[in-house]
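The values are calculated or read from the model by the stated rules, or taken from the named source; none is laboratory data. Just so it is clear, the structure is predicted and the values come from calculations on it, not from any experiment. We place every Cβ from the backbone using ideal geometry, glycine too, and count neighbours over all the protein chains shown.
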Amino acid sequence: MKTLAELQAIKEKMKNKVVLREGGEAIRVVVGMATCGISAGARPVLNTLVEEVNNSGLASKVTVSQTGCIGLCQYEPIVEIIEAGKEKVTYVKIDAEKAKRIVKEHLDGGKVVTEFTIANQNA
């Protein structure tokens, strides 16, 4: 990279891949990315969520972001879905394939994937 134009080109190329932002979107997806989450595989989960949200055309209503420790290390990787007026949904032990289902069924389809929720772990 030698010029400002090259830097701008890189920024534009990556803009569509990164849905990590703040805003007033209707749905927030938060991935635990502390050391415990990362070591359990949260990075591919975060990347998959970002890609699937973009590919599904949901970027205008869904924000994907990361946070530190959620405090439930034994359940990592953890994904929380926060929607205004609804109870927060906490998904646990998520991998990339489960993340794809969450985007398709919950974020796009509006149906919680109950088998992946924390409430279902002790059942």
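Okay, here's what the table says:
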read-out: Residue in region 16-23 that is at pLDDT 90 or above, closer than 22 Å to Glu87 by Cα and not small (Gly, Ala, Ser) present; value: no
read-out: Matching entry among Ala84, Ala40 (being among the small types (Gly, Ala, Ser) and at pLDDT 90 or above); value: Ala40
read-out: Residue under evaluation Ala99, criteria (1) under 16 Å from Cys36 (Cα atoms); (2) touching a Pro at 6+ places or on another chain (Cβ under 9 Å), criterion not met; value: (1)
read-out: Meets criteria (surrounded by fewer than 20 Cβ atoms within 10 Å (Cβ to Cβ) and touching a residue at least 12 places away in the same chain (Cβ under 8 Å)) for Ala96; value: yes
read-out: Among the candidates Ala119, Ala59, Ala99, Ala123, residue that is at pLDDT below 95, of a type in the set (Gly, Ala, Ser) and in a helix (DSSP H, G or I); value: Ala119
read-out: When residues of region 67-90 are limited to those that are polar (S, T, N, Q) and surrounded by fewer than 18 Cβ atoms within 10 Å (Cβ to Cβ), the one farthest from the chain's Cα centre (by Cα); value: Gln74
read-out: Single match in Ser39, Ser60, Ser65 (criterion: polar (S, T, N, Q) and closer than 17 Å to Gly110 by Cβ); value: Ser60
read-out: Only listed residue being under 13 Å from Val29 (Cα atoms), in contact with a strand residue (DSSP E or B) (Cβ under 9 Å, 6 or more places away or on another chain) and either in contact (Cβ under 8 Å) with a residue 60 or more places away in the chain or of a type in the set (Gly, Ala, Ser) (or both), chosen from Ser56, Ser65; value: Ser65
read-out: Number of the condition not met by Asn120 [criteria: (1) touching a residue at least 12 places away in the same chain (Cβ under 8 Å); (2) more than 15 Å from Ala26 (Cβ to Cβ)]; value: (1)
